[in-house]
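Q: Take this structure first; my questions come after.
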Amino acid sequence: MFSLPSFYDAIYDYDDAEYIIFGVPFDCTSSYRAGSRWAPDEMRKACQNFETYDYYHKLDMTDILVHDAGNMDTAVAVDDVLEELYDDVTAILRDGKFPIMLGGEHSLSYAPVKACRDHYAEKTDGEDVGEEIAFLVLDAHLDMRTDFRGLTHNHACVSRHIYEDLTTKYATIGVRSGPEEEWAYMEENKIPFFTADDVDERGIKDVVKEALEALDSDKIYLSLDMDVIDPAYCAGLGTPEPFGLTPRDVREVLRAAAPKTIGFDVVEAAPEYDQGNAAILAAKLMREFIFSREAGKRRS
Ligand code: MN
Ligand code: MN
């Protein structure tokens, strides 16, 4: 299933680890330009540049139980990939570990979110509906199409399917792109969304506080679509969209939300379209996520 482990500071074996990082080099439904399949390995390379110690959190990455399981062998058809991914993430959750997925494209997120939903639902006396998990997504795009280019699980549809099939505890930050119908769908269903302009006007701390209050959950799956960030900072994206968030905005969301999470992914970086910026940022933000969650755990 997995091959090629290599994250520099992910020094623990699977059995000893709490955080399981795995890459899914799949970008077959990408609509504008493909290339996110190269992100996991470029992120691994970028990590070699970072110190293991983090001054802000006063933590060292080598003291945190992180394992890199390498990359999944991916099929060509998105439905097959999602099925296998669901099984892999379910196994990670049943082993009591925390999944961190490196995409790959955004359509992939459906599988780990479903695995988390089913896993946490299972825990309540065999009742299928159990405790609903929440989904917080950072994305330039609404991704609320029902289908796109003949595919249900196109990367432009991932949020719609998560909202309709998996959890209505849903919020999105940094959005600024979508057809009129998608904005109307958000408003009709009173789905909390915070545009990049909202973040600019109100400040990220205020926005993330309101988003977390709206979700009201300590079982949040957090999905970071890298195109939420302004392409001035990283043009290496499948679908870059100007007037986005700053890397600091995103870091602030990770710091605030990570302690309440049950799963995390970083998707849609496409490293060949810039000079390494997207891979470096994606790698740094993944590390920030781990440090933030760990710091939250140690505080409580
Ligand atoms: Mn997306
Ligand atoms: Mn996007």
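Q: If the reach is capped at under 16 angstrom between alpha carbons, list the lysines near Lys190, excluding any in the same chain fewer than eight residues apart.
A: In chain and number order, the partners are Lys169.
Q: How much length is gained if the chain between Ala121 and Ala184 is pulled fully straight, taking 0.36 nm per residue apart and subtracting their Cα-Cα distance, in nm to one decimal?
A: Numbers: separation 63, 0.36 × 63 = 22.68 nm, distance 3.06 nm.
Fully extending the segment from Ala121 to Ala184 adds 19.6 nm.
Q: Take every DSSP beta bridge with both residues inside the chain and express the antiparallel ones as a percent of the total, to the nearest 5.
A: Details: 7 of 40 bridges.
Just about 20 percent of them are antiparallel.
Q: What ranking of Asp73, Asp15 emerges when the number of other C-beta atoms within 10 Å of each C-beta is taken as an exposure proxy, fewest first? Show your work: numbers first, answer last.
A: Working: Asp73 12, Asp15 8.
Exposure proxy ranking, most exposed first: Asp15, Asp73.
Q: Report the calculated FRET efficiency for Leu65 and Ser300 (r = Cβ-Cβ distance, R0 = 22 Å), to the nearest 0.05. If you can, show how the numbers build up before the last one.
A: Working: r = 17 Å, r/R0 = 0.78.
The computed FRET efficiency comes out at 0.80.
Q: Search the structure for amide H atoms under 5 Å from the amide H of Phe98, placed 1.01 Å from N in the peptide plane, and list their residues when 5 or more places away or on another chain.
A: Tyr19, Ile20
Q: Label 7 Å along Cα→Cβ of Ala34; region 49-83 residues with amide nitrogen under 19 Å?
A: It comes to 71-83, nothing else.
Q: Using modelled amide H (1.01 Å from N, peptide plane; none on Pro or chain starts), what sits under 5 Å from the amide H of Leu59, excluding residues fewer than 5 places away?
A: Residues meeting the amide H criterion: Asp54.
Q: If R₀ is 45 angstrom, what is the calculated FRET efficiency for the pair Asp15 and Glu164, using the beta carbon separation as r and rounding to 0.05?
A: Numbers: r = 37 Å, r/R0 = 0.82.
So the FRET efficiency works out to roughly 0.75.
Q: Order these by the 10 Å Cβ neighbour count, fewest first: Asp54, Asp218, Asp249. It would help to have the intermediate numbers written out before the result.
A: Numbers: Asp54 19, Asp218 13, Asp249 23.
Exposure proxy ranking, most exposed first: Asp218, Asp54, Asp249.
Q: Another question, if that's okay. Mind sorting Glu180, Glu132 by how few other Cβ atoms lie within 10 Å of their own Cβ, fewest first? Walk me through the intermediate numbers first.
A: Numbers: Glu180 7, Glu132 15.
By the 10 Å Cβ count, ascending, the order reads Glu180, Glu132.
Q: Residue by residue through region 195-210, what is 3J(HN,Hα) from phi via Karplus (6.51 cos²θ - 1.76 cosθ + 1.60, θ = phi - 60°)? Round to whole Hz and write x for glycine and proline.
A: Whole-Hz 3J(HN,Hα) from phi for region 195-210: 6, 4, 5, 4, 4, 5, 7, 9, x, 5, 4, 5, 5, 5, 4, 5.
Q: Would you pull out the residues with amide H under 5 Å of Thr261's amide H, same chain only if 5 or more places away, H placed 1.01 Å from N?
A: Here the answer is Ile220, since their amide H atoms fall under 5 Å of that of Thr261.
None of the figures in this text is laboratory data; all of them are computed from the coordinates on show. If you're wondering where the values come from, they're calculated on a predicted model, not measured in any experiment. Positions of Cβ are generated from backbone atoms using ideal geometry, with glycine treated the same way; all protein chains shown enter the neighbour counts.
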